[in-house]
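The values are calculated or read from the model by the stated rules, or taken from the named source; none is laboratory data. Since this is a predicted model, take the numbers as computed values, not measurements. Every residue, glycine among them, receives a Cβ derived from its backbone with ideal geometry; neighbour counts consider all protein chains shown. We work out accessible area using only protein heavy atoms, side chains counted, and drop any ligands, DNA or RNA first. Shrake-Rupley method; radii C 1.70, N 1.55, O 1.52, S 1.80 Å.
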Amino acid sequence: MLPPKDDTLIHFAHAAYRFDLRYPKRDHGTRFYQTPNREEMRARMAEGHVLVCSGFWNNDLLAAADNLTYIQVCAAGYNNFDLDALEKRGVILCNGAGVNMNAVTEHAMGLLLTLTRHIHLGRDRQARHEWRPMIANPDTREEELPGKTMLIYGLGTIGGRLAKLAKAFDMRVIGMRRDTSADPGACDELRHPKDLHATLGEADVVVLTCPLTEETTNLMDAAAFAAMKPSAYFINVARGGCHDEAALVEAIKSRQIAGAGIDVTAVEPLDAGSPLWDFDNVVVTPHSAGETRCYEENVLDVLIENLDRLWSGGTDLRNRIV
């Protein structure tokens, strides 16, 4: 059970997100502290009743968490948490689904627009003080999005909003989810994940917005890239493990696909020797799609709502996993 509000201690653990600056402005009246690295987090794990963290978590920390009652993940992904162990200990786990919905969907569209409008190439030329002349070959000019088809794999809050943005650009949208009888939202149609390879050839852009699971690990492999149009783009704002990096490199090198926008890689940071850095039709961002000036506030909205429900005896929590 969570202690009364006056006795509860919140442990914020993150290297970049400054909950220690934002939480006091909420005047929520609960004690807290923040640790900025794994070493300090580990040293103070026994103190907090509530832990707010994401990438710092290792499952062996649970043994040192004497007071831990509730974990609020400040991200959508929670594949690094041992759900069975948390349930056995009676620790509540809620994720941050939706907190970066605006940021990630806008980033996905930004990657696509960068590739189709050649904005990254323009930036490179700017650095060289080079003015590009008009292009005589129509096949190598910038592209337009209306009428093109976007395939979104994963229709949670992020995938659903991305579909709305794509429709605003007059695109056709195919969404992929297990329950194809659900409300399609802004999607023109829903298809089951088993139909992925049969659908890839219809898409002008394939976007991953799914969690990393056994089912989605290396979802986009050599066979998947081979099934795409040579004129199609691949965008991953999900997890790096959802695409086979070697297969992606080969697909780019052999011109199997037109290009890629990658915010996530299997190993982060991306190795300095990776060919992905050097392709002119690949845009790499440093897992920054979810970052926004509003991030801390969005996480605190979920945290405070759930804490208030727990203190009032409720169990129906927002984004509850365990």
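Is the shape of the range 186-255 best called rounded, prolate or oblate, per the rule: a/c under 1.5 gives rounded, else a/b larger than b/c gives prolate, else oblate, with a ≥ b ≥ c the square roots of the Cα gyration tensor eigenvalues?
Working: a/c = 1.66, a/b = 1.12, b/c = 1.49.
The shape class here is oblate.
Charges only on Cβ, +1 for Lys and Arg, -1 for Asp and Glu: so what's the dipole of the range 78-227 about the Cα centre, in debye to the nearest 20? Don't skip to the answer; put the middle values down first.
On the way: 17 positive and 21 negative charges, 87 e Å.
The calculation lands at about 420 debye.
Which longest uninterrupted range of the chain lacks any trypsin sites (Lys or Arg not before Pro) assigned by DSSP to a loop state (not H, G, I, E or B) and surrounded by at most 12 other Cβ atoms within 10 Å? Present the calculation step by step, with values, prior to reporting the outcome.
Details: sites that count: R128, R141, R178, R255, R293.
With trypsin sites (Lys or Arg not before Pro) excluded where exposed in loops, the chain gives 1-127 as its longest stretch.
Pick out which of N59, N95, N306 has the largest mean-square fluctuation in a Gaussian network model of the chain, springs linking Cα atoms closer than 10 Å.
Most flexible of the set in this elastic network: N59.
What is the distance in Å between the Cα centroid of the range 248-313 and that of the range 46-84?
21 Å
What is the magnitude of the charge dipole of the range 220-272 about its Cα centre, with +1 placed on the Cβ of each Lys and Arg, -1 on the Cβ of each Asp and Glu, and no other charges, expressed in debye to the nearest 20? Provide the component values of the computation, followed by the final result.
On the way: 4 positive and 7 negative charges, 60 e Å.
Computed about the Cα centre, the dipole is about 280 debye.
In the range 1-65, what is the volume of the convex hull around the alpha carbon atoms, normalised per residue and reported in Å³? Could the numbers behind the result be given before it?
Numbers: hull volume 5.3 nm³, N = 65.
Spread over its residues, the Cα hull of the range 1-65 gives 81 Å³ apiece.
First check a/c for the range 92-150, with a ≥ b ≥ c the square roots of the eigenvalues of its C-alpha gyration tensor; if it is under 1.5, answer rounded, and if not, answer prolate when a/b is larger than b/c or oblate otherwise. Provide the component values of the computation, followed by the final result.
Values: a/c = 5.70, a/b = 2.03, b/c = 2.80.
Oblate, since a/c reaches 1.5 and b/c is not below a/b.
If you only keep lysine pairs separated by 8 or more in sequence, or across chains, how many in the chain come under 26 Å at the Cα atoms?
13
Where the centroid of each part is defined by its Cα atoms, how far is the range 196-244 from the range 128-171 in Å?
17 Å
Under 10 Å, Cα contacts only: if you run a Gaussian network model on the chain, which one of G98, G48, G122 comes out with the highest mean-square fluctuation?
G122
How would E130, E144 line up by accessible area, probe 1.4 Å, largest first? Mind dumping the intermediate values first?
On the way: E130 90, E144 140 Å².
Descending order: E144, E130.
Using a 1.4 angstrom probe with every protein chain in place, what is the largest-first accessible-area order of E250, E214? Walk me through the intermediate numbers first.
Values: E250 95, E214 180 Å².
So the residues, ranked largest to smallest area, are E214, E250.
Tell me whether the range 216-322 comes out rounded, prolate or oblate; compute the Cα gyration tensor, take square roots of the eigenvalues as a ≥ b ≥ c, and use a/c under 1.5 as the rounded threshold.
Values: a/c = 3.32, a/b = 2.42, b/c = 1.37.
Prolate.
How large is the dipole of the chain about the Cα centre if only Lys and Arg carry +1 and Asp and Glu carry -1, each at its Cβ, rounded to the nearest 20 debye?
Working: 34 positive and 45 negative charges, 110 e Å.
Computed about the Cα centre, the dipole is about 520 debye.
Checking a compactness column here: for the range 70-178, what do you get for Rg(Cα) / (2.2 N^0.38 Å), N being the number of residues? Please report the intermediate quantities before stating the final value.
Values: Rg = 20.1 Å, N = 109, 2.2 N^0.38 = 13.1 Å.
Compactness ratio reported: 1.53.
Hey, in the GNM for the chain with a 10 angstrom Cα cutoff, which one of L212, L151, L83 fluctuates hardest?
L83
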